[in-house]
1. May I ask you to list the trypsin sites (Lys or Arg not before Pro) in region 1-57 that are in a DSSP loop and have at most 12 other Cβ atoms within 10 Å of their Cβ?
2. Just subtract the alpha-carbon distance of Thr48 and Asp2 from 0.36 nm times their residue separation and send over the number in nm, one decimal.
3. Explain nothing, just the number: relative contact order of the chain, from Cα pairs under 8 Å at least 6 residues apart, as a whole percent.
4. How many Å³ per residue does the convex hull of the Cα positions in region 8-52 occupy?
Amino acid sequence: MDAGASVGFDIHSTIRNGVTVNVQSLASLQVNGVNGLYSVFMATGKATTRGNFAARNRVIGIAIPLNQL
């Protein structure tokens, strides 16, 4: 996919006993003029749509809260 210039990206790692046990990466991308939220598989870079933002909402960045789990 070709993403536009408005891009946000964040990675959340779950660490237990000093070891990373899970990694989630999310991106806000504009693809074909539509702003959406994507999960990104870090090993391949494959992005999968999680949903779209309303057209009136221009999203240019994201942040995953540290205490979300």
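Rule-based calculations on the coordinates, nothing more; no lab input. Just so it is clear, the model here is predicted, and its values are computed rather than measured. Neighbour counts are summed over all protein chains in view; Cβ atoms, including those assigned to glycine, are modelled from backbone coordinates with ideal geometry.
1. Passing both the DSSP loop test and the Cβ count: Arg56.
2. Details: separation 46, 0.36 × 46 = 16.56 nm, distance 1.31 nm.
The span from Thr48 to Asp2 would gain 15.2 nm if fully extended.
3. Value for the chain: 31 percent.
4. Numbers: hull volume 2.9 nm³, N = 45.
About 64 Å³ per residue, rounded to a whole number.
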